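**Student:** A single structure is presented below for examination.
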2 protein chains.
Amino acid sequence: MKFATYHDGSRDGQLWVVSRDLTRAMPATGIAPSLLSAIEDWDRVSQPLASLYGRLNAGEEPFATRFEPHRCLAPLPRAPQWLDASAFLNHGRLMDKAFDNPPNPEFETIPLIYQGASDDFRGPLADVEFPDDALFIDMEGEFGVILSDVPMGTTAEQATAHIRLLVQINDWSLRALGPREMRAGFGFLQTKPSTAFAPVAITPDELGAHWENGRVKLSLHVEINAREVGRARGDEMHFSFSELIAHCACTRRLTAGTIIGSGTVSNADRAAGSSCISEIRVIELLDQGAARTPFLTWGDRVWMEARMPDGFAPFGIIDQSVVRA
Amino acid sequence: MKFATYHDGSRDGQLWVVSRDLTRAMPATGIAPSLLSAIEDWDRVSQPLASLYGRLNAGEEPFATRFEPHRCLAPLPRAPQWLDASAFLNHGRLMDKAFDNPPNPEFETIPLIYQGASDDFRGPLADVEFPDDALFIDMEGEFGVILSDVPMGTTAEQATAHIRLLVQINDWSLRALGPREMRAGFGFLQTKPSTAFAPVAITPDELGAHWENGRVKLSLHVEINAREVGRARGDEMHFSFSELIAHCACTRRLTAGTIIGSGTVSNADRAAGSSCISEIRVIELLDQGAARTPFLTWGDRVWMEARMPDGFAPFGIIDQSVVRA
């Protein structure tokens, strides 16, 4: 199934079911008012939602309308929880090398995950406001999962069954503030403003064989001002989403609607480019002796699109401009 | 006004107005179904809630019932956001001294605040489950504020007007996991399981002169297994709640229902004791050469109560036992 959330003035938005090819949509408000309410009540509503989705795909919903991404908020405009990992170790290795970080003996065995703000997510086409472009404005292209209720102590094997939906994410970051917040040990706060999401959240079966071992095995195409800078694949995610869930649920339960992100999609092959500017700059520093690509400024435009092998973008498109607050 | 949230099977619970002396209560569900909905719609509901509160205090609500703390969840059983500071610098100074941390040049000018989990708070009398008592189970007695919507760039002067309610908090912590998570720079995740709250959230005017300059100027009495270990006062909070709000809203807006915590209430005077075991142990280490007070184990009971000068506890009482998950 595929879902989007249309703006209706409420904080959680209005749930719509979107056709497989992202051309048509129908409000699902008779079944569940919002995507969060559907996730919370999944056992009761998933069958009616699947029926609606089937009729929509079969052209049997005469009142279906054209799918309109410009009406979309993030699939969950706010979520009970947002936990963002750094599960593509190639990205971490590049950062550690460039900044000469001390070796982390648990680098390959314990995932790095921070607790992010989940009260105010951004939609796929929304301008993104920042207070100052001297703060090194950056993007991070990621995949993510939306969960059902997860009990404390859930293992990675058990965790897969709690993955309800997959999403595509742009984790906006202010790099100038990162070093101070990391050094202090309390994690990111000012460094991580509101995160943005592609318009469509999908059930894992929509990806067929491209959802495997708890990983989204698609390429993530990233453009800055219409120039492609990244086409990294999700296959190289070191920790699976199931392993990330188990780590997060180790000492507490996670409630339905919790979102876990993969961190910047990053591949060892330099030809894949990068999903964030910070990584582009670090590669320039390592390979050419100096970082040349600037961070973002007012008016810059970021485009992100995960593609199936045939070019279809199952999550829709993130296309955002950076604006002054 | 004083508010509590009764368990009714829903995730946000049922809003009740509680009398000034915490003896009587009335459901406010005709005005707002939950405390979160009231905070989100404050301009519309605050006057009807104040009228109900007035009638309750005047004995004019014949259907009022005895206030029952055992029916209470946290005032917000889940919140859009939970940001926890370390605003009592005496606590930080003790920790830095004991662990020989490198000097932080911004210690007195930039507050330390971490983004915590807000999806699953604990009620005041709920047993608290942990997976393992070898993880150094600890409490932290704190004060907190619940906010209205706060725009990005709000100053400390403007921030005070966004404080809707005051709360009393027990920030449960697993100290054995803290050093690794702080060293990695991504902040607390496994270290900070579900946070607990005293049953009653109050408007700042309920404290009269004891709410001053964005600080809760009350003593916080903390007992472990019926032995008092702390009676520290809120007066020594270095950063005011208004300053903490401004820090959090520097690069993003905060949505209504955001909770900001003070961090462990801590006083320079050793006679005030401590609001967490970690601080008790550090003082023992510094003064006596070795930490003697153990962390908590199964069956241990934690009691926390902020007191007015006449002994009245305006937030009610936190009384929790530690149990095995």
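The values are calculated or read from the model by the stated rules, or taken from the named source; none is laboratory data. These figures come from a predicted structure and were not determined experimentally. Because the Cβ atoms are built from the backbone with ideal geometry, glycine has one as well, and the counts that use them run over all protein chains shown. For the accessible areas, the whole protein counts, side chains as well, though only heavy atoms, and no ligand, DNA or RNA atoms are used. Shrake-Rupley method; radii C 1.70, N 1.55, O 1.52, S 1.80 Å.
**Student:** May I ask you to list pairs of residues, at least six apart or on different chains, whose Cβ atoms are under 6 Å apart, with the first in region B:240-258 being more than 9 Å from B:THR154 (Cα to Cα) and the second being of a type in the set (Asp, Glu)?
**Tutor:** Final answer for the pair search is B:THR255/A:ASP119; B:THR255/A:ASP120; B:THR255/B:ASP149; B:ALA256/B:GLU40; B:ALA256/B:ASP149.
**Student:** Inspect all residues belonging to region A:31-43 and state whether any of them is charged (D, E, K, R) and closer than 17 Å to A:ALA201 by Cα. It would help to see each step written out before you state the result.
**Tutor:** Step one: filter region A:31-43 for residues charged (D, E, K, R), giving A:40-41, A:43.
Add one more test, that the residue is closer than 17 Å to A:ALA201 by Cα, and what stays is A:40-41.
Within region A:31-43, one or more residues are charged (D, E, K, R) and closer than 17 Å to A:ALA201 by Cα.
**Student:** If you don't mind, there's one more thing I want to ask. Residues that are open to solvent by less than 40 Å² (accessible area, probe 1.4 Å), part of a helix (DSSP H, G or I), over 25 Å from A:ALA25 (Cβ atoms) and touching a Leu at 6+ places or on another chain (Cβ under 6 Å): does region A:123-137 have at least one?
**Tutor:** Taking region A:123-137 as the starting set, the residues that turn out to be open to solvent by less than 40 Å² (accessible area, probe 1.4 Å) are A:123-124, A:126, A:128, A:130, A:135, A:137.
Still in the list and also part of a helix (DSSP H, G or I): A:135.
Add one more test, that the residue is over 25 Å from A:ALA25 (Cβ atoms), and what stays is A:135.
Filter once more, so that each one left must be touching a Leu at 6+ places or on another chain (Cβ under 6 Å): A:135.
Yes, some residue in region A:123-137 is open to solvent by less than 40 Å² (accessible area, probe 1.4 Å), part of a helix (DSSP H, G or I), over 25 Å from A:ALA25 (Cβ atoms) and touching a Leu at 6+ places or on another chain (Cβ under 6 Å).
**Student:** Sort out which residues of region A:1-11 are among the hydroxyl-bearing types (Ser, Thr, Tyr) and open to solvent by 30 Å² or more (accessible area, probe 1.4 Å), and write them in order of number. Can you show your working first?
**Tutor:** Going through region A:1-11, the residues among the hydroxyl-bearing types (Ser, Thr, Tyr) turn out to be A:5-6, A:10.
Of everything in region A:1-11, just one residue is among the hydroxyl-bearing types (Ser, Thr, Tyr) and open to solvent by 30 Å² or more (accessible area, probe 1.4 Å), namely A:SER10.
**Student:** Still on this structure, please answer the following. Among the numbered criteria (1) of a type outside the set (Ser, Thr, Tyr); (2) over 25 Å from A:TRP82 (Cβ atoms); (3) modelled with pLDDT of 95 or more, which one does A:GLU279 miss?
**Tutor:** That leaves (2) as the condition not met.
**Student:** Step by step: first the residues of region A:264-293, then only those that are among the acidic types (Asp, Glu) and in a helix (DSSP H, G or I), then the one that is nearest to the other protein chains (Cβ to nearest Cβ). Which residue is that?
**Tutor:** For region A:264-293, the residue satisfying everything is A:GLU279.
**Student:** Name the single residue that is nearest to the chain's Cα centre (by Cα) among those in region B:243-258 being under 18 Å from B:SER86 (Cα atoms) and open to solvent by 10 Å² or more (accessible area, probe 1.4 Å). If you could, list the steps in order and put the result at the bottom.
**Tutor:** Step one: filter region B:243-258 for residues under 18 Å from B:SER86 (Cα atoms), giving B:243-250, B:258.
Now restrict to residues that are open to solvent by 10 Å² or more (accessible area, probe 1.4 Å): B:243, B:246-247, B:250.
On the way: B:GLU243: 17, B:ALA246: 19, B:HIS247: 18, B:CYS250: 22 Å.
Going through the qualifying residues, I end up with B:GLU243.
**Student:** Would you point out which residue out of B:ARG93, B:ARG164 is part of a strand (DSSP E or B), over 13 Å from the mean Cα position of the chain (by Cα) and over 22 Å from A:GLY116 (Cβ atoms)?
**Tutor:** Going through B:ARG93, B:ARG164 in turn, just one is part of a strand (DSSP E or B), over 13 Å from the mean Cα position of the chain (by Cα) and over 22 Å from A:GLY116 (Cβ atoms): B:ARG164.
**Student:** Filter region B:274-283 for residues that are open to solvent by 20 Å² or more (accessible area, probe 1.4 Å) and either of a type outside the set (Lys, Arg) or closer than 16 Å to B:TRP172 by Cβ (or both) and give the result. Give the derivation first.
**Tutor:** If we filter region B:274-283 for residues that are open to solvent by 20 Å² or more (accessible area, probe 1.4 Å), which is where we start, we get B:280-281, B:283.
Once the filter is applied, which keeps residues that are open to solvent by 20 Å² or more (accessible area, probe 1.4 Å) and either of a type outside the set (Lys, Arg) or closer than 16 Å to B:TRP172 by Cβ (or both), region B:274-283 yields B:ILE280, B:ILE283.
**Student:** Right, here's the next one. Looking at (1) within 8 Å of chain A (Cβ to nearest Cβ); (2) among the charged types (D, E, K, R); (3) in a helix (DSSP H, G or I), which one does B:ARG252 not meet, given that it meets all the others?
**Tutor:** For B:ARG252, the exception is condition (3).
**Student:** Given (1) in a loop (DSSP other than H, G, I, E, B); (2) at pLDDT 95 or above; (3) closer than 30 Å to A:PHE107 by Cα, identify the lone condition not met by B:PHE239.
**Tutor:** The failed condition is (3).
**Student:** Looking only at region A:285-325, which residues are modelled with pLDDT of 95 or more, of a type in the set (D, E, K, R) and either over 20 Å from the mean Cα position of the chain (by Cα) or surrounded by fewer than 20 Cβ atoms within 10 Å (Cβ to Cβ) (or both)?
**Tutor:** Those that are modelled with pLDDT of 95 or more, of a type in the set (D, E, K, R) and either over 20 Å from the mean Cα position of the chain (by Cα) or surrounded by fewer than 20 Cβ atoms within 10 Å (Cβ to Cβ) (or both): A:ARG292, A:ASP300, A:ARG301, A:ARG307, A:ASP310, A:ASP319, A:ARG324.
**Student:** Hey, could you check region A:178-229 for residues that are aromatic (Phe, Trp, Tyr) and within 14 Å of chain B (Cβ to nearest Cβ) and say which is farthest from A:GLY263 (Cα to Cα)?
**Tutor:** The first filter runs over region A:178-229 and keeps only residues aromatic (Phe, Trp, Tyr), leaving A:186, A:188, A:197, A:211.
From the residues that got through so far, the ones that are within 14 Å of chain B (Cβ to nearest Cβ) too are A:186, A:188.
Values: A:PHE186: 18, A:PHE188: 14 Å.
So the residue we want is A:PHE186.
**Student:** Return a yes/no flag: does region A:29-45 have any residue that is farther than 21 Å from B:ASP120 by Cβ, over 20 Å from the mean Cα position of the chain (by Cα), outside any helix (DSSP H, G or I) and at pLDDT below 95.
**Tutor:** Scanning region A:29-45 turns up at least one residue that is farther than 21 Å from B:ASP120 by Cβ, over 20 Å from the mean Cα position of the chain (by Cα), outside any helix (DSSP H, G or I) and at pLDDT below 95.
**Student:** If you don't mind, another one. Exactly one condition in (1) open to solvent by 10 Å² or more (accessible area, probe 1.4 Å); (2) among the β-branched types (Val, Ile, Thr); (3) closer than 27 Å to A:LEU177 by Cα is not met by B:THR191; state its number.
**Tutor:** Going through (1) open to solvent by 10 Å² or more (accessible area, probe 1.4 Å); (2) among the β-branched types (Val, Ile, Thr); (3) closer than 27 Å to A:LEU177 by Cα one by one, B:THR191 breaks only (1).
**Student:** Here is a further query. Return the pair list, or none, for Cβ contacts closer than 6 Å from residues in region A:87-105 that are closer than 16 Å to A:SER262 by Cα to residues that are surrounded by fewer than 16 Cβ atoms within 10 Å (Cβ to Cβ), at least 6 apart or on different chains.
**Tutor:** From region A:87-105, the pairs are A:ASN90/A:ALA268.
**Student:** Let me ask something else. Against the conditions (1) polar (S, T, N, Q); (2) in contact with a helix residue (DSSP H, G or I) (Cβ under 9 Å, 6 or more places away or on another chain); (3) within 24 Å of A:GLY116 (Cα to Cα), where does A:SER219 fall short? Just the number, please.
**Tutor:** (3)
**Student:** Please work out if A:GLY230 is under 19 Å from A:ARG281 (Cα atoms) and buried (at least 24 other Cβ atoms within 10 Å of the Cβ).
**Tutor:** yes
**Student:** Any residue at all in region B:156-169 that's open to solvent by less than 10 Å² (accessible area, probe 1.4 Å), among the charged types (D, E, K, R) and more than 14 Å from chain A (Cβ to nearest Cβ)?
**Tutor:** No: region B:156-169 contains no residue that is open to solvent by less than 10 Å² (accessible area, probe 1.4 Å), among the charged types (D, E, K, R) and more than 14 Å from chain A (Cβ to nearest Cβ).
**Student:** On the basis of being within 15 Å of B:GLY92 (Cβ to Cβ), within 14 Å of another protein chain (Cβ to nearest Cβ) and surrounded by 21 or more Cβ atoms within 10 Å (Cβ to Cβ), does B:GLY261 make the cut?
**Tutor:** Judged against the criteria, B:GLY261 is a match.
**Student:** Step by step: first the residues of region A:52-65, then only those that are in a helix (DSSP H, G or I) and either on the phi > 0 side of the Ramachandran plot or under 27 Å from the mean Cα position of the chain (by Cα) (or both), then the one that is surrounded by the fewest Cβ atoms within 10 Å (Cβ to Cβ). Which residue is that?
**Tutor:** Taking the candidates together, the pick is A:GLY54.
**Student:** Could you pull out the residue among A:LEU49, A:LEU76, A:LEU83 that is part of a helix (DSSP H, G or I), open to solvent by less than 10 Å² (accessible area, probe 1.4 Å) and on the phi < 0 side of the Ramachandran plot?
**Tutor:** Testing whether each residue is part of a helix (DSSP H, G or I), open to solvent by less than 10 Å² (accessible area, probe 1.4 Å) and on the phi < 0 side of the Ramachandran plot leaves just A:LEU49.
**Student:** Here's a follow-up. Of the residues that make up region B:12-25, is at least one outside any loop (DSSP other than H, G, I, E, B), open to solvent by 30 Å² or more (accessible area, probe 1.4 Å), more than 27 Å from A:ALA256 (Cα to Cα) and modelled with pLDDT of 95 or more?
**Tutor:** Checked region B:12-25: at least one residue is outside any loop (DSSP other than H, G, I, E, B), open to solvent by 30 Å² or more (accessible area, probe 1.4 Å), more than 27 Å from A:ALA256 (Cα to Cα) and modelled with pLDDT of 95 or more.
**Student:** Yes or no: B:PHE99 at pLDDT below 95 and more than 19 Å from B:ARG122 (Cα to Cα)?
**Tutor:** The answer is yes for B:PHE99.
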